[in-house]
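J.: Handing you this structure, nothing more for now.
The values are calculated or read from the model by the stated rules, or taken from the named source; none is laboratory data. Here the structure is a predicted model, which means the values were calculated and not measured. All Cβ positions, glycine included, derive from the backbone under ideal geometry; neighbour counts span all protein chains shown.
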Amino acid sequence: MRIYEAKDYQEMSRKAANILSAQVILKPDSVLGLATGSTPIGMYDQLVEWYKKGDLDFSKVKTVNLDEYKGLTHDNDQSYYYFMHEHLFDRVNIDPANTNVPDGTEEDPEKECARYEKLIESMGGVDIQLLGIGHNGHIGFNEPDSTFAKTTHCVDLAESTIEANKRFFASVDDVPRQAYTMGIGTIMKAKKILLIVNGESKADAVAKAFFGPVTPEVPASILQFHSDVVVIGDSAALSKIPR
Ligand code: PGA
């Protein structure tokens, strides 16, 4: 695992965009595993800027997103489908047919999770998976648990996640209670992992995940066992790691 320190959010975003663009330049038909949340917005903005300058071409890129709220339709501005179109897909020359987000409107979890897992396999696996990290150490919507979930599954969101995400909804009651997410096993199969994190409030999660014991109580800790992980954190997020 390599940990790079960035001085602030902007630098974190630019460094992360550098790695994703290198991936796309070296392998134009890469399968990118993408993530939502507030952390990657700056990185997507940077990629769009480079695309507009003519430095990046997404025409052959394929994407699979980590997760989606169950029950939200594509036109709901809090769905991750909507987020991805707003922040990246509608701003670059990616073929919408090559983009994939778990279908939150599919009511049958078994059907949707099996479909998604098969889809990733049929694409040849993920070349690079982008991740954020939750305050409780979650990755995707893999919440602290007694075991590591292997494949794409439907989760009940932790109260702390509902609390953290309520800022995006009119009220806490509007936050969906369930989501579809790639499993820890799905994430670990990605050839490379790029985790980005910023802010003091994540410093404990970062220290526990990358310097504590590997445990499903801190889902991101499993990344210590992946052979190709890059973590880019701003100084605040890295303020509690051992030096
Ligand atoms: P955030 O979410 O980027 O909105 O902080 C990250 C996560 O929960 O994985």
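J.: Hey, does segment 155-173 have a residue that's more than 16 Å from the ligand (Cβ to nearest atom) and in contact (Cβ under 8 Å) with a residue 24 or more places away in the chain?
T.: no
J.: Find the residue count for segment 54-65, including only residues that are surrounded by fewer than 17 Cβ atoms within 10 Å (Cβ to Cβ) and within 16 Å of the ligand (Cβ to nearest atom).
T.: Taking segment 54-65 as the starting set, the residues that turn out to be surrounded by fewer than 17 Cβ atoms within 10 Å (Cβ to Cβ) are 54-55, 57, 59-60.
Next cut, within 16 Å of the ligand (Cβ to nearest atom) only: none.
Number of matching residues: 0.
J.: Also, I was wondering about something else. May I ask you to say which residue of Ala205, Ala220, Ala179 is surrounded by 17 or more Cβ atoms within 10 Å (Cβ to Cβ), within 30 Å of Met123 (Cα to Cα), out of contact with any helix residue (DSSP H, G or I) (no Cβ under 6 Å at 6 or more places or on another chain) and not polar (S, T, N, Q)? First the steps, then the outcome.
T.: Numbers: Ala205 fails: within 30 Å of Met123 (Cα to Cα); Ala220 fails: out of contact with any helix residue (DSSP H, G or I) (no Cβ under 6 Å at 6 or more places or on another chain).
None of the other options fit; the residue is Ala179.
J.: Right, another one. For segment 36-53, state whether one or more residues are modelled with pLDDT of 95 or more, more than 16 Å from the ligand (Cβ to nearest atom), assigned to a loop (DSSP other than H, G, I, E, B) and surrounded by 14 or more Cβ atoms within 10 Å (Cβ to Cβ).
T.: Looking through segment 36-53, none of the residues is modelled with pLDDT of 95 or more, more than 16 Å from the ligand (Cβ to nearest atom), assigned to a loop (DSSP other than H, G, I, E, B) and surrounded by 14 or more Cβ atoms within 10 Å (Cβ to Cβ).
J.: A further question on this structure: With respect to Asp228, is the statement that it is farther than 30 Å from Glu110 by Cα and more than 13 Å from the ligand (Cβ to nearest atom) true?
T.: On the way: farther than 30 Å from Glu110 by Cα: yes; more than 13 Å from the ligand (Cβ to nearest atom): yes.
When the stated conditions are applied, Asp228 passes them.
J.: Output the residues belonging to segment 16-46 that are more than 13 Å from Ile193 (Cβ to Cβ), out of contact with any helix residue (DSSP H, G or I) (no Cβ under 7 Å at 6 or more places or on another chain) and of a type in the set (Val, Ile, Thr).
T.: If the condition is that a residue be more than 13 Å from Ile193 (Cβ to Cβ), out of contact with any helix residue (DSSP H, G or I) (no Cβ under 7 Å at 6 or more places or on another chain) and of a type in the set (Val, Ile, Thr), then Val24, Ile25, Val31, Thr39 are the ones that fit.
J.: Any residue in segment 103-123 that is at negative phi sitting within a Cβ distance under 6 Å of a residue that is among the aliphatic types (A, V, I, L, M)? List the pairs, counting only those 6 or more apart or interchain.
T.: Gly104/Leu72; Ile120/Val64; Met123/Val31
J.: Yes or no: Gly125 within 15 Å of the ligand (Cβ to nearest atom) and either modelled with pLDDT under 95 or closer than 24 Å to Ser221 by Cα (or both)? I'd like the intermediate steps shown before the answer.
T.: Numbers: within 15 Å of the ligand (Cβ to nearest atom): no; either modelled with pLDDT under 95 or closer than 24 Å to Ser221 by Cα (or both): yes.
Considered against the rule, which asks whether it is within 15 Å of the ligand (Cβ to nearest atom) and either modelled with pLDDT under 95 or closer than 24 Å to Ser221 by Cα (or both), Gly125 comes out as no.
J.: Failed condition for Gly134, given (1) outside any loop (DSSP other than H, G, I, E, B); (2) in contact (Cβ under 8 Å) with a residue 60 or more places away in the chain; (3) within 14 Å of the ligand (Cβ to nearest atom); (4) not polar (S, T, N, Q), with all others met?
T.: It fails just one condition, (1).
J.: Is it the case, given these coordinates, that Ser160 is at pLDDT below 95 and hydroxyl-bearing (Ser, Thr, Tyr)? So that I can check it myself, show each step before the final result.
T.: Numbers: at pLDDT below 95: yes; hydroxyl-bearing (Ser, Thr, Tyr): yes.
It is true that Ser160 is at pLDDT below 95 and hydroxyl-bearing (Ser, Thr, Tyr).
J.: If you don't mind, there's one more thing I want to ask. Out of all the residues in segment 157-165, is one or more touching a Ser or Thr at 6+ places or on another chain (Cβ under 7 Å) and closer than 20 Å to Ile41 by Cα?
T.: The initial filter retains those residues of segment 157-165 that are touching a Ser or Thr at 6+ places or on another chain (Cβ under 7 Å), namely none.
Within segment 157-165, not a single residue is touching a Ser or Thr at 6+ places or on another chain (Cβ under 7 Å) and closer than 20 Å to Ile41 by Cα.
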